[in-house]
Amino acid sequence: MQKINRNVLVEKAVSLLENGTVCCVLGWKKGEFDYDITPAVFTTKEDIEANFVFDDFCGANFSKYLVQKTRKAEGKILVFLKSCDTYSFNQLLTEHRFDREKVYAVGIPCEGMVDINKIRAISGEGISSVECGEKITVNTIYDEKFEINASDVLLERCESCKSKLHVAYDELIGEEGEVLESNRFDEVAKLEAMTPDERFAFWQSELSKCIRCNACRDVCPACTCEKCVFDNPKSGVENKAPANEFEEKMFHIIRAFHVAGRCTDCGECSRVCPQHIPLHLLNRKFIKDINEFYGDYQAGAEVGSRAPLANYTTGDIEPSEVFDGRGE
Amino acid sequence: MQRIGVFVCWCGTNIAGTVDVVAVAEALKKEPGVVFSANYQYMCSQAGQDLIKAAVKEHNLTGIVVCSCSPRMHEATFRKTAAAAGLNPYMVEIANIREQCSWVHKDVPTGTEKAIILGKAAVAKVNLNVPLTPGESPVTKRALVIGGGIAGIQTALDIADAGFEVDIVEKKPTIGGKMAQLDKTFPTLDCAACILTPKMVDVAQNEKIRIFSYSEVTEVKGFVGNFDVTIKKKARYVKEELCTGCGACTEKCPMKKVPNDFNLNMDTKRAIYIPFAQAVPKVATIDADYCNMLKNGKCGVCSKVCAAGAIDYTQKDEFISEKYGAIVVATGFNPISMDKFDEFAYNQSKDVITSLEFERLTNAAGPTAGKLLRPSDGKHPEKIVFVQCVGSRCDACNEKGKEYCSKICCMYTAKHAMLTRDKYPDTDVTVFYIDVRTPGKNFDEFYRRAVEEYGVHYIKGMVGKVIPDGEKLIVQASDLIAGKQLKIDADLVVLAAAIEPDKSARPLATMLTASMDTNDFFTEAHPKLRPVESPTAGVFLSGACQGPKDIPETVAQAGAAASKVIGLLAKDKLTGNPCVAQSNEMMCNGCSTCERVCPYGAITYEDKEFRMPDRSTLIRRVASVNPAVCQGCGCCTVACPSGAMDLKGFASEQIIAEVDAICK
Amino acid sequence: MQVKEYKPLIVAFCCNWCSYAGADLAGNNRLNYPADVKIIRVPCSCRVNPTFVLRAFQRGADGVILCGCHPGDCHYTSGNYYTRRRMALLFSMLDYLGIERERTRVEWVSAAEGAKFAATMNDFAEKVAALGENKRLEDLRCKK
Amino acid sequence: MKFSYFPGCTLKNKAKDLDNYARKCAEVLGVTLEEIENWQCCGGVFTTAKDEVATKLSSVRILKDALKKEQALVTVCSACHNVVKQTNYAIQNDKEFAGKVNRYMAEDEYNGETQIYHYLELIRDVIGYDKVKECTVNPLTGKKIAAYYGCLLLRPNSVMRMDDPENPSIIEDLIRAIGAEAVVYPYRNECCGGYVRLEDAKLSDKKSNAVSESAKKAGADVIVTACPLCKYNLEKSGCEIPVVYITELLAEALGVKEDTNE
Amino acid sequence: MSNSKKYLQEELIRISGVNPKKCMRCGKCTATCPAYDEMEYHPHQFVYMIESGDIEPLLESESLYKCLTCFACVERCPRSVEPAKLVEAVRLAAIRKQGNNRLTANDIPALLDEDMPQQAIVSAFRKYTK
C-alpha cells in the first residue's frame, strides 16, 4: 500500500498545470485491466481528475519518455519519479538525452510495486478486478475473492530495492529515503557458483522463451538510441525476430553489453517481459563485475560521472585474470 | 557492385613454395565482385605492377585485392600502383599470404586452403571499400636526435647543414659516445679523438644545433611531422650558461674516490667532474651520489673555487617540451656484461679485461696515460691473450650470449694486437679466433698485416677456461689446426665481449611505438630498401641501435638517416591518414561517450538542426570528428552505443564481412 | 573410412602496430602455428566491437582471440586499456552464460614478440581444439 | 619446517658422517628432515641417453614420495642431487620421457612438481646464513677452508641452477658464516676424476692432484666437499691436507659434532 | 654416406637428443676438457665425426671410457651442442652390443678397496655396462 494517495498527486499535477509551470503531465492511467497501468500524457485538468491513477501497479519508469516528449513540448513537462526512476533520469542527463530545463520533476515516495504474476500465482487465472487498499483485493470470474498483502507480492526489483533516495527532483513529496543495503546480487552469485553446464542449461531454458517482442528494449531507459543497432542492417546484428536460440543469446548479450555501465538496474526489462525471463540477471552481472573489477559504481547516482567502460586505470584486471579464484 | 581484380603473388618461392598460387587465383575468381584474377612471380616488381595497371584499365576494375606479403611491407606500393592506374588508392586490400600463411605453414594443401580464405576475406572487404581522400597536416621543421655518439653527431651535422634546426639529447654529460673512449680506429689507425673531437666542436658551434646533455627523453606524443617531446634535463648542479669549463672545481673537490665510468671504473674521478678534456659541452657535472654537499650539506668547496659562480646545489630536474617534425634514434651500444662468462675469470682476476677496457688502457688520456700496464700490479704484460667471440654467435638456447655476430670485434682485436706489437715489440700476442671476419674495405689487408708484419699469433680455437694462478693467468685453449689443447701462461687476457643495444633503447622504443627485434635492436621499415627508417613514420635510425656497426658504417648510416629527415622536413605539408572516424549524425545520440574515450581530443559536439519527416525541424546535439587530429584507432566506434561512429577503411561492415568470409 | 581430423576455426583480431607486426615477425622467423588461425587486421585492439566476437562465434568460429600492444605500449596510447575492460566484462558474461572460458582470450603481443605470437596461437589452438566444436554459441543455419 | 630427506646409499655406508652431521645440524637450524621410507638408490649417475628410462625410475619414486607428503625434497650427496635434479628436469621438459616414466608408475602421474633443495641450498635459501651465524657456538675462526665443488653440484647449470657455475660462492658463504676463512682457488669446480677411477686410476689421480695442489697452494688447511666420491678420489690420490664433509665442519661450528660421533 | 652409417648417425642423434649441426667448430669443448690428454678423439671430434658419419673409429676408441661426464663441455658450449651427450651416446652404442660390456661383476673385487664409496661402483656399472 502506497503511503501517499492519488489525490495528492492529482492536486499537484492540476495546480502545476493550471499555474502554467508545466504544459503537460506524464502520469499513469488505467489500461484494459485494473492491474494494467500504463504511462500517459495528460494535458487537461479534466483528464487528470478522471483518469490519473496511482496505486501498487504504477511500476512504469517515465524517464525514458522525456527524451521524445521534451523535443516536442512547448513548455515544461511534469514528471513523477519514484526513487529508482531518478537514477535513470540522471543517467539520461549525463548522456545529454534531454533538456533538464524542459522538465519539472516531482519525487514521490514508493513502498514498492506489486507483481501481477505473483498475485496470479495465488488467485489463479481469470482475475476480473483488483482493488488496491490496505490490502489488495482480488476478484476472479469464478467468484473467488482474495485479500493479499502487497508486501507478499512485490516485484522482484522492489523486493531487492537498492535505494529509496531520490537523486534528482525539483520538488519532493513526502519524506526522503536513503540508499539501502540490497541483496540484489545474490541471484547472480548463485548462478556464478553453478557449473558452466548448469549455467548454460539455466540460460538456455530462460532465453529460449524469448519471443523477441522487443518489450525489454522499448521500455529500457538506457535504450534511447536514435537508431537501435538491432534495426540497423549495417551493424551486423540486425534481426527482427528470433531465428534460433543463438540469435536470442546474441540479442540479449549485446543489449546487456550496450547498457553495461549505463544500466541503473531499474528492473523495467524484467517487469515488462511477457515471458518472465529474468533479464535483470544479465544487467546485474555486469554491474556486479564492474563493482568487483573497477570499484563500486552506480549509474545515475550523479550527473556527469564517467561510465566504467569509458574509463580505465593502468592497473585494471586482465581478461585472463577475471576467472582467477572463481572455480570451474 | 564492385569490379574487383585479384592478383596473387608468388614472391618467388616464398609464397609459391607452400601455396598453390594458381589454385588461389582460380578460387578467388568465383568470389562475388571478382571479374579478373591473375598470378605473377613478383607483383611488387615493375612488371607485376604494370600487370595490375593494365588489368585495371582493361577490366574497368573498381577494387584490387593483392594476395602477397604483409601489408606492412607493400600496401603502400600497391596503393601507388592503383593510383597510377587512376584508381583510388584505398580501393586496395592486401591478403597477407606470406608472413601469415606460406611462411608459417608447412604443406601446400594447408597453405593453399588458408590463402584462399584470406583472399576471400580481402575480397569481402574490398566489396565494401569506398574511395578515401587523405587530409593534410603541417610539418614542424625541426629534428630531434636521441643519442650524441658519432651516429647522432653526424646525423645532426648533416641535418643542420641543410638548414634545419636540430636538437641532440644525450644522457651523458658530454656528447662523443663510445668513439670518444677509443684509442685508434681501424683500418687506418687514425686517432679516434683526432677525428671525433673536431666534429664535436662543429656541433657545439653550429647555430642550428642545440645540445641537451645530461638529458633524457621522457615522453613522446604526436605523429610524423608533429611530435610533442618532453625532455628531462637532469640536475647537474652546475649552471651550464655560466660554467667556463676551467676545471678548477674538478681539481679542488675533496671527494676523490668516485669510480670513473668514462675509464670503465679502472680509475677514479672527483664528485664534480668533466668527463674528458674535449668534452662538449665543456661543463662540470656533480655526481649527486657522491657529493658531500648534496648528501649532507657539508663541503661547498666547488662553489667557493668557482669564479663564474656556476655551482647551484639547489638545481632541480627540468622538463622541456618541444615540437619536432622528425626523430632520429642514435642510442648506440654497450659491451655485454661478462658476469655470466666466468670461465674466463673476468670476476676472479683484474687482469682479465674487456676490449673496451683495453682501449682505455692504451689511450693516452686513459688511466695509465697510454702505457699498457696490468690492472692488478701495474706491471707491463709480457704475454697477452685475446679471446674472440665472447658472448657472440651463441645458440638461441644458450642463455648467456647473443645469437648474432658483433661484427666489430675481429677488426678491433687485430688493431689491438697490432698496436701492442708496434709499441711493445717484446710482448707476445696471441689471438684465439673461431673465424676472422674482415669484409670491409682494407680490412683483410689490415688483419694480414697484423699477422705477417707484426707477428701476432692467430690460433684457430676457443679458450675453454682461464685459471688465475698467482700472478699468471693460465689460458686453457684449443689449437684446432695443430690438434692440441694448449695451456698458456698469460699476463693479460682481453675478452672481445659481444655488443648489445643500450638499455635505454627499449623504453624509448615504447615511447616512440617503434618496433624492435628480440635482441632490442630497432627494426627497419624494410631490411634492404629502407634500412634507416623505422616502420613508425617520422622515426629514423642511425648507428648501432639498429645493429652492430663499425664507425664507417655508422657514419654512412647517420648521413643516410639525415637525408631522410631532410626529405621529410623539406615538405610543407604531409598528407594524413584518411582512415579516420566519422560520425553518422542521423544516428548519433549526442551522449558524449566517444568524446570521453578519444585519446586525441578529436571529437567535439555541436547542436545541429535536423529536418524531421514531418517537415518540422529539430535541434540535436551530435558528434563531429576532426580528421586532422583523429589518428584512426577506432576506440570511439566501440564506445558509441548507437553505432553512429564508424571508422573509414575499417568500417564495422567491412570487418564483419571479413569475419563472415573467414567463418564461412 | 578415415575420419576427418577436427580442425578448429580460430579468428584472431590483431592490432596493426604491435600484434599484426608480431605475427609478421613470426612469419619472418618461420615459426609455425596452426593454419586454423585466421588473422583480421584492425588498427587497434580497441576497434574490436564485442559484436564482432559474437558474430564470429555465430558464424561457426570455435575460438576468438584478440591481440594488442602491451598495456602502456598502445600506439594510440590508451586504446588497449579500453579493450581490456570491454573484454574482461564480455568474457565474464560469456562464462556466466555457460560458454567455455577457453574459447576467448586477450593476449598482449608486441611487434618484437614473434615467438610469443606463435606460442600463443599454438597454445590457444590446442586448447580450443581440445574443447571441440563450438556448440553453444553457433548458429547452425550458417554452418555448412 | 619439514622436508623429505633422501640420504642415498653411500651415506648409509661409507659416508655416514655426511648424513649424520647433516641431520644434526638441520635440527639445530630448526629444520626437520624426514627420511623417505623404503627409498632406493638414486641410480648413481644420470645417463643423458634419452632412450634410457628404467635406470631413472628410482629417482622418480623418490620425487613422487616427497610429493605425496607435500614436502620439498632435500638431498646432501652431490651425486644423488645431480641425478635426482636432472631426472626431474627431464620430466618437466621432455614430454615423451615423462609419458614413458608414468607408464611405469602406479597411481597418479608425476610431472616434475617436487621442489628439490641440495642441503647447501636449504641453508642458503630456506634457513639463511644469518641463522647459521646465530647458531654458531664454536666459530672456526682462523681456519682456512677450501671449498671443493667438483662438477655435479654446478653442472649443467641450466638444470642445476645452484650458483654461478664458473664462479660459485654458496659453500664459501657458508664457510664464512661459521667464522672460518674461505680460500678461493681456481680448480674448485674442476673434476676429480669421478667413477673413472675404476677404469683409469692414473687419470683420476691426475685430476684430483690438480685440485688438491691448487687448494694447498692457495693456503688451505682443509678441503670441504659434499660428495663422497670426490672425498675418496682426493684422499686416494694422496692429498696432503685433510678432506672433510662440509656437514662435519658445520656440526663442529654448531657445537653438535661430539654428539654424533659413534 | 652409406645407409648403415646413416642409421647409426640417426640413432646417436636420437639417443643423445643433440643436433651436431649446431656446432660452429670453435673447439671450446676440447679446450675445456679435463681428460684431453687421455683421449684419442676429443669432444669436438666426436661432434664433427658424428655429423659427417665417420663413427666407426669412435666406437672402437678408448676415448669412450675416458670421458669423466663432468659436463664442462656441456656447460661452456656456446652453441648448446652438448658434446658429452654425444660421447655418452657413442659409448652406449658400443657397450650395448652383445658381449661388449666394459666392466663385469668379476672385475670388481680386484678394483675394490676399503674406502671406495658405493656410488663409484654403481656409476661405473651404469657407464660401462649394459
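Note on chain A: with a GNM built from Cα contacts shorter than 10 Å, the maximum mean-square fluctuation among A:I116, A:I211, A:I317 falls on A:I317. For segment B:173-294, the equivalent ellipsoid derived from the Cα gyration tensor has semi-axes of 25, 23, 14 Å, listed largest first.
Charges were assigned to the Cβ only: +1 to each Lys and Arg, -1 to each Asp and Glu. The resulting dipole of segment B:4-126 about its Cα centre is roughly 240 debye.
Would you list which lysines come within 18 Å of B:K171, measuring only between C-alpha atoms, while excluding same-chain residues fewer than 8 positions from it? Counting by Cα, and skipping residues close in sequence, B:K171 has these lysines nearby: B:K232, B:K233, B:K234, B:K239, B:K282, B:K316, B:K503. Karplus-derived 3J(HN,Hα) values for segment B:124-141, using 6.51 cos²θ - 1.76 cosθ + 1.60 with θ = phi - 60°, are 4, 5, 4, 3, 10, 5, 10, x, 10, 10, x, x, 10, 9, x, 10, 6, 8 Hz; glycine and proline are entered as x. Taking other Cβ atoms within 10 Å as a rough exposure proxy, D:C135, B:C101 sort from fewest to most as D:C135, B:C101. Spatially, segment B:390-436 and segment B:180-216 are offset by 26 Å when compared through their Cα centroids. For chain B, the antiparallel share of DSSP beta bridges with both residues in that region comes to about 55%.
Couplings 3J(HN,Hα) for segment D:152-159, derived from phi with the Karplus relation 6.51 cos²θ - 1.76 cosθ + 1.60 (θ = phi - 60°), are 5, 5, 9, 10, x, 4, 4, 9 Hz, where x marks Gly and Pro.
Summarising the strand pairing of segment D:135-260, around 0 percent of its internal DSSP beta bridges are antiparallel. Charges only on Cβ, +1 for Lys and Arg, -1 for Asp and Glu: so what's the dipole of segment D:2-119 about the Cα centre, in debye to the nearest 20? Magnitude of the dipole: close to 260 debye. In plain terms, the bigger the Kirkwood radius, the slower the diffusion; for the protein assembly as shown, with that radius from Cα pairs, at 25 °C and 0.890 mPa s, Stokes-Einstein puts D at 64 µm²/s.
Within a Cβ distance under 14 Å of A:I37, other residues only, what is the Lys/Arg minus Asp/Glu net charge? Net local charge, A:I37 excluded: -3.
Tell me the net charge near D:T10. Cut-off is 12 Å between Cβ atoms, D:T10 excluded, with +1 for each Lys or Arg and -1 for each Asp or Glu. Net of charged neighbours comes to +1. Footprinting exposure proxy ranking of A:M194, B:M91, fewest other C-beta atoms within 10 angstrom first, gives A:M194, B:M91. Alpha carbon centre of segment A:188-225 versus segment B:119-151: separation in Å? If you average the Cα positions of each part, the centres end up 44 Å apart. Each of B:A55, B:T77, B:I116 was scored by the projection of its Cα onto the charge dipole of segment B:4-126, and the greatest displacement toward the positive side belongs to B:T77; charges sit on the C-beta of Lys, Arg, Asp and Glu. Here the Gaussian network model covers chain D, with springs between Cα atoms less than 10 Å apart; of D:K16, D:K202, D:K50, D:K50 fluctuates the most.
Taking the charge dipole of chain B about its Cα centre, with +1 at Lys and Arg Cβ atoms and -1 at Asp and Glu Cβ atoms, the residue from B:V166, B:I619, B:G567 reaching farthest to the positive side is B:I619. Rounded to the nearest 10 degrees, the angle from helix D:95-104 to the longest Cα principal axis of chain D is 80 degrees.
In the protein assembly as shown, the DSSP beta bridges split such that about 45 percent are antiparallel, to the nearest 5. For segment E:13-118, what class follows from the C-alpha gyration tensor (a ≥ b ≥ c being the square roots of its eigenvalues): rounded when a/c is under 1.5, otherwise prolate if a/b is larger than b/c, else oblate? Prolate shape, in that a/c is at least 1.5 and a/b is the bigger ratio.
With the Kirkwood sum run over all distinct C-alpha pairs, segment B:400-453 has a hydrodynamic radius of 12.1 Å.
Database remark: amide H of B:I211 closer than 5 angstrom to the amide H of B:I168 (H placed geometrically; neighbours at sequence offset of 5 or more, or on other chains; Pro and chain starts carry no H).
Each 10 Å bin from zero holds the following percent of Cα-Cα pairs in segment B:4-126: 16, 53, 28, 3. In terms of other Cβ atoms within 10 Å, A:T21, D:T136 run from fewest to most in the order A:T21, D:T136. Axis of helix C:114-131 versus longest Cα principal axis of chain C: the two differ by about 20°, to the nearest ten degrees. Taking the longest Cα principal axis of chain E as reference, the axis of helix E:118-128 is set at about 40 degrees. Cα centroid separation, segment B:563-620 to segment A:96-115: 35 Å.
Around the amide H of D:L140, modelled in the peptide plane, lie the amide H atoms of D:G179, D:A180, all under 5 Å away and 5 or more residues distant in sequence or on another chain.
Relative to the Cα centre, the charge distribution of the protein assembly as shown, modelled as +1 at Lys and Arg Cβ and -1 at Asp and Glu Cβ, gives a dipole magnitude of about 3520 debye.
Values quoted throughout were computed directly from the atomic coordinates according to the rules given, and no laboratory measurement underlies them. Just so you know, these numbers come straight off a predicted model, no measurement behind them. Neighbour counts run over all protein chains shown; Cβ positions are idealised from the backbone, glycine included.
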